[in-house]
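Colleague: Just dropping this structure here.
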Amino acid sequence: MGSLIVVMHFVRRGSGKPLLLVHGLGSSISNWDPVIAGLSAEREVVAVDLPGFGDTPPLAGEVSIATLTDAVEEFIKSENLAAIDVVGSSMGARMVLEMARRGHGGAIVALDPGGFWSDTERHVFYWSIKASVALVRSIQPILPAVTANAAGRTALLAQFSARPWKLPAELVLHELEGFKTSKSLDEALRSLAYGPAQQGAPAGALAGRVVIGWGRQDKVTLPGQAARARELFPDATLHWFDHCGHFPHWDQPADTTDLILASTR
């Protein structure tokens, strides 16, 4: 495993009990901007760029959910953050649930995790995201202009947000630029969709608390998949976000902040 690990870029904000944030596919640290201030008012927030995303170089070997999770665990070890509470979004949520399955001792909050789809949903997820990525990559030169207005944000992010027109233009621009600059996006997408299935944790097997949050209007990881998540993680608590798409920390930042703090306090 050691040969695959890279030095991960990260930032720290605030003070108090440490809290680690793990972003999703094509994203970076900035994906958490809507909740960083609220979280860091009570906690020392540590946000990382996963290998091949943001400012962290890609892994030298295979890019998969397993190896990306290995990298996060190695980062936790290298920073002496054993049993840190961890929050993940989308692919990052799939990864933090894998950490819980492996026996991580801190609390885990997984926001709209991937990996709980049916075979049909798996194909729809992969090809719809692949098409979205291709579109955004093709219009990179005009992205600043498109994302600067509410109509443009709505057209580009209707799949990801229940209220894309309300999102800050800078947040949207940075997120969509990541579709072009993330070196590991394509490999990670394929692994997320077609790699080994998500394994669960039988009742009584979890070392720490696990909370799964889901947006009721999520069009990426569909709300119906929450039932499969509960079957595989029967000790987890399920929390629903109303009027919310794939990123609760975008569509419902105050409620997401409250859930994270309450679940890890």
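The values are calculated or read from the model by the stated rules, or taken from the named source; none is laboratory data. What you see is a predicted model, and the numbers here were worked out from it, not measured in a lab. Every residue, glycine as well, gets a Cβ built from its backbone with ideal geometry; the counts of neighbours run over all protein chains shown.
Colleague: Got a sec? Which of ILE36, ILE29 is free of Cβ contacts under 8 Å to residues at least 24 places away in the same chain and aliphatic (A, V, I, L, M)?
Modeller: ILE36
Colleague: Here's something else I'd like to know. Looking only at segment 96-125, how many residues end up being of a type in the set (Lys, Arg) and buried (at least 24 other Cβ atoms within 10 Å of the Cβ)?
Modeller: Qualifying residue count for the region: 0.
Colleague: Oh, and also: Hey, THR256 hits all of (1) part of a loop (DSSP other than H, G, I, E, B); (2) buried (at least 22 other Cβ atoms within 10 Å of the Cβ) but one; which does it fall short on?
Modeller: (1)
Colleague: So which of LEU176, LEU192, LEU156, LEU261 ends up being assigned to a helix (DSSP H, G or I), crowded, with 21+ Cβ neighbours inside 10 Å and in contact with a Lys or Arg (Cβ under 8 Å, 6 or more places away or on another chain)?
Modeller: On inspection, the qualifying residue turns out to be LEU192.
Colleague: Within the set of pairs 6 or more residues apart or between chains, which connect a residue that is closer than 16 Å to GLY195 by Cα inside segment 125-137 to a residue that is assigned to a helix (DSSP H, G or I) and of a type in the set (Gly, Ala, Ser) with Cβ atoms less than 7 Å apart?
Modeller: Filtered contacts from segment 125-137: PHE125/ALA193; TYR126/ALA193.
Colleague: Hey, any hits in segment 173-188 for a residue that's in contact (Cβ under 8 Å) with a residue 12 or more places away in the chain, within 27 Å of GLY106 (Cα to Cα) and in contact with a helix residue (DSSP H, G or I) (Cβ under 8 Å, 6 or more places away or on another chain)?
Modeller: Checked against the condition, which is being in contact (Cβ under 8 Å) with a residue 12 or more places away in the chain, within 27 Å of GLY106 (Cα to Cα) and in contact with a helix residue (DSSP H, G or I) (Cβ under 8 Å, 6 or more places away or on another chain), segment 173-188 yields at least one hit.
Colleague: Being out of contact with any Gly (no Cβ under 9 Å at 6 or more places or on another chain) and without any contact (Cβ under 8 Å) to a residue 24 or more places away in the chain is the filter; apply it to segment 210-252 and report the residue that is surrounded by the fewest Cβ atoms within 10 Å (Cβ to Cβ).
Modeller: Applying the filter and picking the extreme gives ALA227.
Colleague: Within segment 113-123, is even one residue free of Cβ contacts under 8 Å to residues at least 12 places away in the same chain, among the acidic types (Asp, Glu) and in a helix (DSSP H, G or I)?
Modeller: Scanning segment 113-123, I find at least one residue that is free of Cβ contacts under 8 Å to residues at least 12 places away in the same chain, among the acidic types (Asp, Glu) and in a helix (DSSP H, G or I), so the answer is yes.
Colleague: Taking the condition on the phi < 0 side of the Ramachandran plot, in contact (Cβ under 8 Å) with a residue 40 or more places away in the chain and not in a helix (DSSP H, G or I), does VAL96 pass?
Modeller: No.
Colleague: Could you list all residues from segment 36-53 that are among the hydrophobic types (A, V, I, L, M, F, W, C) and surrounded by 24 or more Cβ atoms within 10 Å (Cβ to Cβ)?
Modeller: Correct list: LEU39, VAL45, ALA47, VAL48, LEU50, PHE53.
Colleague: Further, regarding this structure: I'm told SER3 meets every condition in (1) modelled with pLDDT of 95 or more; (2) out of contact with any helix residue (DSSP H, G or I) (no Cβ under 9 Å at 6 or more places or on another chain) except one. Can you identify the failing condition by its number?
Modeller: With (1) modelled with pLDDT of 95 or more; (2) out of contact with any helix residue (DSSP H, G or I) (no Cβ under 9 Å at 6 or more places or on another chain) applied to SER3, the lone miss is (1).
Colleague: Only one of ALA203, ALA207, ALA197 is free of Cβ contacts under 8 Å to residues at least 60 places away in the same chain, part of a loop (DSSP other than H, G, I, E, B) and within 22 Å of VAL86 (Cβ to Cβ). Can you tell me which?
Modeller: ALA203
Residues checked against (1) part of a strand (DSSP E or B); (2) more than 12 Å from the chain's Cα centre (by Cα):
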residue	(1), (2)
VAL7	no, yes
ARG12	yes, yes
GLY16	no, yes
TRP32	no, no
VAL35	no, yes
LEU39	no, yes
ALA47	yes, no
LEU50	no, no
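Colleague: From the list SER128, SER138, SER182, which one is among the small types (Gly, Ala, Ser) and buried (at least 16 other Cβ atoms within 10 Å of the Cβ)?
Modeller: SER182
Colleague: Check whether at least one residue in segment 64-77 is farther than 24 Å from GLU177 by Cβ, part of a loop (DSSP other than H, G, I, E, B) and either polar (S, T, N, Q) or modelled with pLDDT under 95 (or both), and report yes or no.
Modeller: Yes, some residue in segment 64-77 is farther than 24 Å from GLU177 by Cβ, part of a loop (DSSP other than H, G, I, E, B) and either polar (S, T, N, Q) or modelled with pLDDT under 95 (or both).
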